[in-house]
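K.L.:
Got a structure for you, written out below as C-alpha cells; questions coming shortly.
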Amino acid sequence: MKKVYSRPKSLKKVPMHYCPGCGHSIIHRLIAELLDEMSLRETAICVPPAGCAVLAYNYLDIDMVEAPHGRATAVATGIKRVRPDNMVFSYQGDGDLAAIGTAETLHTANRGELISVIFVNNAIYGMTGGQMAPTTLAGQITTTSPSGRNTKTEGPPIRVCELLSTLENTTYLERVAVNSPANIKKTKKAIKKAFQHQQKKTGFSLVEILSSCPTNWKMDPLKSCRWIDEIMVKEFPLGVIKEVKC
Amino acid sequence: MKGKILIDKQFCKGCRYCVEFCPKGAIRLSTALNSKGYSFAEFDEKKSCTGCATCALMCPETAIEVYRE
C-alpha cells in the first residue's frame with residue numbers, strides 16, 4: 001500500500017502541549033505542510049507570540065525568534081528589512097495581536113512591510129485562563145465577563161481584517177476557519193496565498209483563522225466546532241476581505 | 001479503492017474529530033487509556049476505509065498516517 005499522508009518534515013515528532021481539539025495544532029500542521037511543499041524550510045523565519053502558541057518553536061522545525069508580548073510584527077519588520085530574501089511570518093493570537101499589540105499591528109500594516117501574519121482568533125485569552133479578549137463576542141461569558149460581554153461598557157468585538165482593509169498598503173486579508181475538513185483546506189490555500197504575496201513583494205498580508213478553544217469556551221471539541229459555524233461566523237464573516245492582484 | 005490508517009495512540013488526545021468526520025464510520029474510541037489517560041482513536045479494519053485522509057486532515061495531533069492501494 002502506498003503512503004498518502006504522513007507527518008510533514010517541518011513538524012517535529014513530539015507531542016504538543018495543546019488541549020484536545022485545539023485549533024493551534026491544526027494550524028501548525030498546515031504551516032509545516034506548506035513549508036515542505038513550497039521548499040521554505042531553510043529560508044523561513046517565524047516570530048511566535050506570547051500566548052498558547054508561545055512554544056511553537058518546539059514544534060516547527062524552522063528558525064524562530066520569540067518576540068515580547070504583542071511585538072511580533074515589529075520584530076518581524078526588523079528581520080525582514082535585514083534579510084529581505086527570507087520568508088518572514090508572525091504567528092499571533094487575538095490577545096497578542098489585537099490587544100497589547102494593536103499599535104505594532106496597525107503601523108506594520110500601514111507601512112506595508114513585506115511580511116505575512118497568521119492571526120489565530122479564538123475570541124478569548126487561552127493561556128492565561130479564559131479572560132475577555134478584544135474579539136470576544138457580545139454576550140460571551142468569560143472569567144472576566146461572567147455575565148457576558150456588555151458592548152455598552154466594553155465595546156463590540158474588533159474585526160481586525162476589516163480594520164486593516166482601510167489601509168493602503170495591505171494587499172491580502174482573508175478570514176478562514178479550522179472547524180471542518182472543507183474549511184481546513186481553505187485555510188491552507190489562504191496561508192499559501194499570503195506566502196505568495198510576500199514572495200512577490202506586493203505588501204502586507206494577514207490571514208485571520210477562527211479557531212476553537214474547547215477548554216475556555218467550556219465545550220467539548222465537536223461542540224466548539226459547531227459553535228464557530230453557528231455563532232462565531234455571524235460576527236466574523238469568512239472570505240477574502242481584501243486582495244490586490246499580484 | 002481500499003485504504004488503511006495507522007494511529008499513534010500515544011499522540012492521540014481523544015478529541016473525536018476523526019470519529020465524527022470519517023465518512024465510513026471506520027474509527028472509534030478505545031475503552032483502554034493511553035499513558036496520558038486519554039481514550040484514543042482506534043481503526044476498525046472490518047469497515048471499508050477508502051484512504052480519503054479526512055481523518056488525517058482533521059487530526060490536531062498529526063497522529064494518523066494514511067495508506068491507499
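K.L.:
Do we have residue B:65 as in contact (Cβ under 8 Å) with a residue 60 or more places away in the chain, within 11 Å of the chain's Cα centre (by Cα) and facing chain A (nearest Cβ under 9 Å) here? Full working, then the answer.
P.N.:
Numbers: in contact (Cβ under 8 Å) with a residue 60 or more places away in the chain: yes; within 11 Å of the chain's Cα centre (by Cα): yes; facing chain A (nearest Cβ under 9 Å): yes.
So residue B:65 passes the test.
K.L.:
While we're on this one: So, restricting to helices (runs of 4 or more DSSP H) that lie completely within segment A:136-246, which ones have at least 3 residues that are β-branched (Val, Ile, Thr)?
P.N.:
Working: elements: A:151-154, A:160-165, A:181-199, A:214-217, A:221-227.
Those helices (runs of 4 or more DSSP H) span A:181-199.
K.L.:
Are there any helices (runs of 4 or more DSSP H) wholly within segment A:1-111 with 2 or more residues that are of a type in the set (D, E, K, R) and buried (at least 24 other Cβ atoms within 10 Å of the Cβ), and if so which? I'd like the intermediate steps shown before the answer.
P.N.:
Numbers: elements: A:23-37, A:72-82, A:102-111.
By residue number, no helices (runs of 4 or more DSSP H) qualify.
K.L.:
Go through A:29, A:7, A:41 for me and flag whichever is more than 17 Å from the chain's Cα centre (by Cα) and over 19 Å from residue A:80 (Cα atoms).
P.N.:
Criteria check complete, one pass: A:7.
K.L.:
Can I ask one more? Taking segment B:20-33, which residues are more than 9 Å from chain A (Cβ to nearest Cβ), surrounded by fewer than 19 Cβ atoms within 10 Å (Cβ to Cβ) and on the phi < 0 side of the Ramachandran plot? Spell out how you get there, then give the answer.
P.N.:
First pass over segment B:20-33, keeping only residues more than 9 Å from chain A (Cβ to nearest Cβ): B:22-33.
Restricting the remaining residues to those that are surrounded by fewer than 19 Cβ atoms within 10 Å (Cβ to Cβ) gives B:23-25, B:28-33.
Within segment B:20-33, B:23, B:24, B:28, B:29, B:30, B:31, B:32, B:33 meet the criteria.
K.L.:
List the pairs whose first member sits in segment A:176-204 and is open to solvent by 40 Å² or more (accessible area, probe 1.4 Å), whose second member is not in a loop (DSSP other than H, G, I, E, B), and whose Cβ atoms are under 7 Å apart, counting only residues at least 6 apart or on separate chains?
P.N.:
Short answer, once both residue conditions are applied: A:186/A:176; A:188/A:30; A:188/A:33; A:188/A:34; A:192/A:34; A:193/A:172; A:202/A:171.
K.L.:
For residue A:178, all conditions in the list (1) on the phi < 0 side of the Ramachandran plot; (2) over 16 Å from the mean Cα position of the chain (by Cα) hold save one; what is the number of the exception?
P.N.:
Unmet condition: (2).
K.L.:
What is the number of the single condition among (1) within 11 Å of chain A (Cβ to nearest Cβ); (2) open to solvent by 20 Å² or more (accessible area, probe 1.4 Å); (3) modelled with pLDDT of 95 or more that residue B:1 does not meet?
P.N.:
(3)
K.L.:
Within segment A:3-59, which residues are small (Gly, Ala, Ser) and more than 9 Å from chain B (Cβ to nearest Cβ)? Break it down stepwise before answering.
P.N.:
Let us first name the residues in segment A:3-59 that are small (Gly, Ala, Ser), namely A:6, A:10, A:21, A:23, A:25, A:32, A:39, A:44, A:50-51, A:53, A:56.
A:10, A:39, A:44, A:50, A:51, A:53, A:56, listed by residue number.
K.L.:
Out of all the residues in segment B:45-69, which are open to solvent by 30 Å² or more (accessible area, probe 1.4 Å) and part of a loop (DSSP other than H, G, I, E, B)?
P.N.:
Listed by number, the residues that qualify are B:45, B:46, B:47, B:48, B:50, B:52, B:69.
K.L.:
Then there's this: Criterion first (within 10 Å of chain A (Cβ to nearest Cβ), modelled with pLDDT of 95 or more and out of contact with any Leu (no Cβ under 9 Å at 6 or more places or on another chain)) does residue B:56 satisfy it?
P.N.:
Values: within 10 Å of chain A (Cβ to nearest Cβ): yes; modelled with pLDDT of 95 or more: yes; out of contact with any Leu (no Cβ under 9 Å at 6 or more places or on another chain): yes.
Yes; evaluated as a whole, the condition is true for this residue.
K.L.:
Looking at segment B:26-48, which of its residues are touching a helix residue (DSSP H, G or I) at 6+ places or on another chain (Cβ under 9 Å) and either at pLDDT below 95 or closer than 19 Å to residue A:25 by Cβ (or both)?
P.N.:
B:27, B:29, B:41
K.L.:
Still on this model: In this structure, does residue A:123 turn out to be assigned to a loop (DSSP other than H, G, I, E, B), over 17 Å from residue A:27 (Cβ atoms), open to solvent by less than 10 Å² (accessible area, probe 1.4 Å) and aliphatic (A, V, I, L, M)? Please lay out each step first, then the result.
P.N.:
Working: assigned to a loop (DSSP other than H, G, I, E, B): yes; over 17 Å from residue A:27 (Cβ atoms): no; open to solvent by less than 10 Å² (accessible area, probe 1.4 Å): yes; aliphatic (A, V, I, L, M): yes.
Judged against the criteria, residue A:123 is not a match.
The values are calculated or read from the model by the stated rules, or taken from the named source; none is laboratory data. Since we're looking at a predicted model, the values are computed, not measured. A quick note on method: Cβ atoms are made from the backbone with ideal geometry, for glycine too, and the neighbour counts reach across all protein chains shown. Just the protein is used for accessible areas: all its heavy atoms, side chains included, with ligands, DNA and RNA removed. Shrake-Rupley method; radii C 1.70, N 1.55, O 1.52, S 1.80 Å.
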